[in-house]
Structures are given as structure tokens and as C-alpha cells.
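The values are calculated or read from the model by the stated rules, or taken from the named source; none is laboratory data. Keep in mind it's a predicted model, so treat the numbers as computed, not measured. Note that each Cβ is placed from the backbone with ideal geometry, even for glycine, and that neighbours are counted across all protein chains shown. Note: accessible area is taken over every heavy atom of the protein model, side chains too, but ligands, DNA and RNA are not part of it. Shrake-Rupley method; radii C 1.70, N 1.55, O 1.52, S 1.80 Å.
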Amino acid sequence: MLAQITVSISRFDIERLVDREVVQNTQSYGFEGQFNFAYLLGSSEIHFGIFGHSYSFSYGLTTSTLDDREEFITQGGAFIDGIARLPQVEINPGLRFHSFPSRGQLFIEPRMRVRYIPASLPRYSFSAAWGIFHQQIVALSDDRTVSDVFSAWTPSPQQRPVPRSAHYIAGFGGKPLPWLDFSVEGFLLTAKHLVIPRLGQPLTLDTDFIPVSSNSKGLDFKTVFSRPRYFATSTYSISRVEYSAGRRTFNPPQDRRHQFYFSLGSTFNNFKFAFQWQYGSGLPYTPIRGSINQIDVTERSYDFIDDDGTRAIVYAESFSERQPAFHRMDVTAERAFRVWRSELTVQLGALNIYNRSNIFDFDYFSLTRINQLPFVPSLGVRLRTI
């Protein structure tokens, strides 16, 4: 029998600034405890345990501190799963009991994973998995921004059901050659009882929420080439994420259709070299059509002749355009030296070696673009006794 006790404490803070003034902020605190046990029964295993989580969320979505809000949630439960290893088949069933005391609700979440190795093709395997999940924590962001960098983590609204999702995964992989591995995996994720701020409204504590359901599907391809002195890895993913709100269907900010990653490295003597290149197609965002000066006609003392009014942005349809594609290349090279009874390793590297301007965020009011990391060289030294 094996036993594991885990206790963790976490904190996450984020602020959104406009002209160096904090206009929105959010803080999340978490405490988690878990007791896990495992029985090893020959080629099979049985796992079970209990868990409890407590979270605190505080956030301010306007410049006024009077509008700040703080909320708490707790959740807990128990789980049991097993691994049965049979000739050619590995079965991993599981059952999770998930309780949300603040809602007075208990959910039973079944899960299953199966892996099959054909007797005639021992180098290949098929796998499939399915599971039900519930999560009370949601992230709220303003759809009238270029990116969802700022998200307010909060419990889902009390008057709505706890968000629920179902995951389906199926894959095939193998090792056709001693130096080549590959895998292909398809997935489908459906979710319901999600909530998002009403499209076109600013994100405040008074924002109305609308229920949405989501459908995510895609394919992942992975290839690994490995030789004594050389290695290479490539992955490619194609996916699609759709939200449905009533009769309207749209692609949310996390809908990245294409992702590609490639790494290549070599090792000889005491020298190592590697480079990585990654690519991601553009994410949806809400563009603007322009800006206007609004005049408050209800204010009797308003000077219609000399005052300019208040500047307001005119937004286009939510998530109707996509950002530019993201891509970046990183390079590292290192050499090890023997120094007396120690080993000295010197590493040179560079992030974004061709200085690609990948967008991070964009301020509509000042028309200022904020990019991700530019070209960043690095130097590292490590001394290790032998």
C-alpha cells in the first residue's frame, strides 16, 4: 500500500491598468488538501482518496473601491479508480463524488479509459477515454478587448447550475521503427451551464450574464524522432471551439484553429544544441469601428457650444475578426568543461531570435499596442561537483 498526503496554498493576482491607473483587479486565494491511497495487487492497482478545497475571490471591476466584492466557496469529495492489466487490454475505470456545499449539491462523475494492444501488431495501441466533470469556478472577461489577458475568477452565479462538461478522447499510436514514435488523437468536449457577460456590455459587478453551451473538437498529431546524437519532435493540432447562446453561435477568444511546434537538437562530445519553433493561428477578438463624442442631453447645465462631450468607442460585432498569427523561434547552445573535480556548463540562448512582434494586448483608448517578448539573449553558467 502507498499513501500520499498533499497540502497546497496558492495566490494569484492580476491588475489591468489604463494610463498607469488600476481600473480592474482580481485576487484569488486557494487552500487544497488531499489524501491518496493505492493498493498494488500484482499487475492491477486500486486507488482511492478524499479531497477538500477552499477558495477566496476578491475583485474590483471599476475604479471605485466601493464596488469591490469578495466571495468564498468550498468543495470536497472522494474518488476511487483502478487499473486492470489483462492480456492485450488495460482498463482504467473510475468514480468521483464531487460535493459543492455552498450549492447543497453532490455530483457523481464516472470516468473510463481503455487501452488495447493487438496481438498481431504489438508495436501499436488504440486508446479511448470518457469522463464527466463539474467545475464551479469560472473566468469572466470583457468581450470588447483584443485579448482576454484580464480575467476575473469567480464562482458561477448562485442562481444557475454548476457548469458541467463531458470529455471524449480516442487515439492511435505506435513505434513502427526503433527510432520513430507517432500518435494521433481526436477529442470532443461538450459543456453546458457556462456563463459569460452579455456581449457588448462592459465587465462590471452589475453586468448581466447569459448562459452558453460549448462544443470543442479537434485532432492532435505527434511525431518523435530519436537517435543517439540527434532528436526531433513535431506536434500539430487542429481544433475548433464554438459557443452557443440562444440562436447565436460564435467562436470565443480561446478558439485557436492551428498550432504547430517543432524542436530539433543534437548532442556530441560535450556540446549540445537545440532550437524550437512554434506557430499559432490568430485568436478571435472584437474590433472597433471608430469613436464618437457622446453628449449628455439630460444634463441641463451642459454647454453644447464649447464642451466636446465624452469620447466613446464604437465596437463591431463581438469576436468577428482574428488577431495576427503568433510564431517564434528559440535557440540554445551549451558546452560542458571539466574543471578540476567539477563540471562547468556554459549555456547561450536567445528567445524570439528573429524578433517577431507577437501581439499581447491592445489599448483601444490610447491606440497602444503591447507586444510579447522581443529578442531576448541569455547566458547561463552551472557548476557541479562530480
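Across the Cα atoms of segment 72-197, what radius of gyration and what greatest pairwise Cα-Cα distance (Dmax) are found, in Å?
For segment 72-197, the Cα radius of gyration and maximum Cα-Cα distance read 19.6, 57 Å.
Just grab the label-to-label distance for Arg289 and Tyr364, each label 7 Å out from Cα along the Cβ direction, in nm (one decimal).
Calculated label separation equals 1.2 nm.
Calculate, in nm to one decimal, what Gln34 and Phe97 gain on full extension: separation in residues at 0.36 nm each, minus their alpha carbon distance. Display every interim value, and only then the final one.
Numbers: separation 63, 0.36 × 63 = 22.68 nm, distance 1.39 nm.
Here the answer is 21.3 nm.
Taking amide hydrogens as modeled 1.01 Å from N in the peptide plane, which residues meet the under 5 Å criterion relative to Thr286, leaving out close sequence neighbours?
Thr145, Phe319
How big is segment 212-370 along each principal axis, measuring the range of its Cα positions in Å and listing the largest first?
Largest to smallest, the principal-axis extents are 85, 41, 24 Å.
Looking only at trypsin sites (Lys or Arg not before Pro) in DSSP loops with at most 10 other Cβ atoms within 10 Å, what is the longest site-free stretch of the chain?
So the longest stretch without any such site is 21-228.
If you look at just the Cα atoms of segment 113-263, how large are its Rg and its Dmax in Å?
Over segment 113-263's Cα set, Rg and Dmax evaluate to 20.0, 63 Å.
Using the Karplus curve 6.51 cos²θ - 1.76 cosθ + 1.60 with θ = phi - 60°, what ³J(HN,Hα) values do you get for each residue of segment 35-50, in whole Hz, with x for Gly and Pro?
10, 10, 9, 9, 9, 9, 10, x, 7, 10, 9, 10, 10, 7, x, 10
Largest first and to the nearest Å, give the Cα extent of segment 1-42 along each principal axis.
64, 17, 9
For Glu70 and Ser244, FRET efficiency with R0 = 41 Å and r from the beta-carbon atoms, rounded to 0.05?
According to the calculation, E is roughly 0.80.
Keeping all protein chains in the complex and leaving out DNA, RNA and ligands, what accessible area do you get for Thr190 with a 1.4 Å probe, in Å² to the nearest 10?
Its heavy atoms expose roughly 50 Å² to the probe.
Can you work out the Karplus-derived ³J(HN,Hα) for every residue in segment 139-154? Use 6.51 cos²θ - 1.76 cosθ + 1.60 with θ = phi - 60°, whole Hz, and x for glycine or proline.
For segment 139-154, the Karplus curve yields 10, 9, 9, 7, 6, 9, 10, 6, 10, 9, 4, 8, 10, 8, 7, 7 Hz.
For a quick check: with amide H placed at 1.01 Å from N, whose amide H comes under 5 Å from Ser102's, ignoring anything fewer than 5 positions away on the same chain?
Residues meeting the amide H criterion: Thr74.
Let's test this: bin the Cα-Cα distances of the chain at 20 Å from zero up to the farthest pair and state each bin's percent.
Distribution as computed: 19, 47, 30, 4, 0 percent.
Ordered by residue, what ³J(HN,Hα) values in Hz, to whole numbers, does segment 174-188 give under the Karplus form 6.51 cos²θ - 1.76 cosθ + 1.60, where θ = phi - 60° and Gly and Pro are x?
x, 10, x, 10, x, 10, 9, 10, 8, 8, 10, 9, x, 9, 9
Take the Cα gyration tensor of segment 250-291, multiply each eigenvalue by 5, square-root it, and list the three semi-axes largest first, rounded to whole angstrom. Could you put the intermediate results ahead of the total?
Details: eigenvalues 316, 27, 6 Å².
They are 40, 12, 5 Å, listed largest first.
Let me know the shape class of segment 335-386, please: from the alpha-carbon gyration tensor, a ≥ b ≥ c as square roots of the eigenvalues, rounded when a/c is under 1.5, otherwise prolate if a/b is greater than b/c, or oblate. Walk me through the numbers before you get to the answer.
Numbers: a/c = 7.85, a/b = 4.16, b/c = 1.89.
Because a/c hits 1.5 or more and a/b exceeds b/c, segment 335-386 counts as prolate.
Can you list the residues, at least 5 places off or on another chain, whose amide H is less than 5 Å from the amide H of Asn358, using H built in the peptide plane?
Sorted by chain and number, the residues that satisfy this are Gln372.
Could you compute the FRET efficiency for Ala170 and Tyr261, with r as their C-beta to C-beta distance and R0 at 25 Å, rounded to 0.05? Can you show the working numbers first?
Numbers: r = 22 Å, r/R0 = 0.88.
Result of the calculation: an efficiency of 0.70.
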